[in-house]
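Written out below as structure tokens is the structure these notes cover.
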Amino acid sequence: MKINKTSLIIVIALCLFTLARGQNTIGKMDDLGRIALNPWVPEQVENMPNASSVNLLNKLGQIATRYGMGSSELNPRFIISANVVVQSKDITSTAPPMHALTLEITLYIGDGIEGKLFTSTSVTGKGVGENETKAYTVALKSLDPANPNIQKFMEEGKRKVIAYYNSRCDFIIKEAQMLESQHKFDQAIYTLMCIPDVCLDCYNKAMDAVGPLFKNKIDWECKAKVNAARNAWSAGLNRRAADDAAGILATIDPYAACFSEAVSLTGEIAKRVKEIDGREWDFKLQKEIGLEKDRIKAWRDVGVAWGTNQPKNIVYKSLW
């Protein structure tokens, strides 16, 4: 069967659309696994009014969002920041007199935790207003997300973040393995799941590592939960004690190595409860998940839960 040129273009376009749609769906699952730049304005920016500092922070957030790298509480390492230097400050001779400012606004992208600069660019902003705050507001409008220099700056920043993960991939995986050896499974999974899926080689290595790590987590937790459920049941040997045990058993992953022990204990409890009051004990353990995407979501959920519960008092270092 012959395919003409127009049909071939349509087929290719549909394939690309489907691929892009799939990637976007993965990216929206949560804040893990994507590149995020968190806007930050340090206190030492040159004598800016508070309202202007807030305005600058909002501008940085708009720029990051425009290029698909909006902030993430779950992955706070990378920042987009700015320093403002006043090149001139005048009072005009007009009636009424106005405040006139010329600003050099330098934008930075980098590792805010280590204080490592990735890239920077500068924009000149001029503003005139009835007061200094209004003059700053006008001058900061020069931070147009569509500015070609800012676009180039953001693309370079994204490349540097990807290079960060690619160059440190083995170290990140070893860090996760160290956390696993300390039974800090959730933190280890979070560490791996933070690797953006655009860093394809490193992301694939992380996915290869996180599966066995997750299995070790559920195996280790299963033993502890079965013992806790036995203790809860033994404490009363009645329906209330059975319900207490059920609350623990319900959290055991069906892929855990000791899941058969949970099944056995469930049967033991159900039999005894029926002997006590003649009623069935209506409790069922979790079922196995058949789809791989659901298993990956389970891994992500662990990482998200750990990241969400961490303190948000992050101290950033200046990039200049």
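What's the local net charge at Asp90, with K and R +1, D and E -1, over the other residues with C-beta under 12 Å away?
+1
Counting each DSSP H run of 4 or more residues in the chain as -39500 (n - 2.57), what helix-only mean residue ellipticity at 222 nm follows after dividing by all residues, to the nearest 500 deg cm²/dmol?
On the way: 10 runs with 173 residues, N = 320.
That comes out to -18000 deg cm²/dmol.
List the lysines whose alpha-carbon lies under 21 Å from that of Lys312, not counting same-chain residues fewer than 8 positions away?
The reachable lysines, counting only those whose Cα sits under 21 Å from Lys312, are Lys116, Lys184.
State which stretch of the chain is the longest one without any exposed GluC sites (Glu not before Pro), exposure meaning a DSSP loop state and at most 16 other Cβ atoms within 10 Å.
Values: sites that count: Glu43, Glu46, Glu73, Glu114, Glu130, Glu280, Glu288.
It works out to 131-279.
I want to verify a result. In a Gaussian network model of the chain, Cα cutoff 10 Å, which of these has the top mean-square fluctuation: Tyr255, Tyr165, Tyr190?
Tyr255
Quick one: length gained pulling Asp294 to Ala163 fully straight, 0.36 nm per residue minus the C-alpha distance? If you can, show how the numbers build up before the last one.
Details: separation 131, 0.36 × 131 = 47.16 nm, distance 2.93 nm.
Extending this stretch completely gives an extra 44.2 nm.
Can you give me the orientation-averaged projected area of the convex hull built on the Cα atoms of region 209-320, in nm²?
Mean orientational projected area (region 209-320, Cα hull): 10.2 nm².
Taking 0.36 nm per residue of separation and subtracting the Cα-Cα distance, what length does fully extending Ala224 through Tyr255 add?
Values: separation 31, 0.36 × 31 = 11.16 nm, distance 1.51 nm.
Length gained between Ala224 and Tyr255: 9.6 nm.
To the nearest 0.05, how large is the calculated FRET efficiency for Asn58 and Lys271 if R₀ is 51 Å and r is the Cβ-Cβ distance?
My answer for the efficiency is 0.20.
If you place +1 on the Cβ of every Lys and Arg and -1 on the Cβ of every Asp and Glu, how big does the dipole about the Cα centre of the chain come out, in debye to the nearest 20?
Roughly 680 debye, rounded to the nearest 20.
Full extension from Asp144 to Glu175: what is 0.36 nm times the residue separation minus their Cα-Cα distance, to one decimal in nm?
7.2 nm
None of the figures in this text is laboratory data; all of them are computed from the coordinates on show. Just so it is clear, the structure is predicted and the values come from calculations on it, not from any experiment. With ideal geometry, Cβ positions are generated from the backbone for all residues, glycine too; neighbour counts draw on all protein chains shown.
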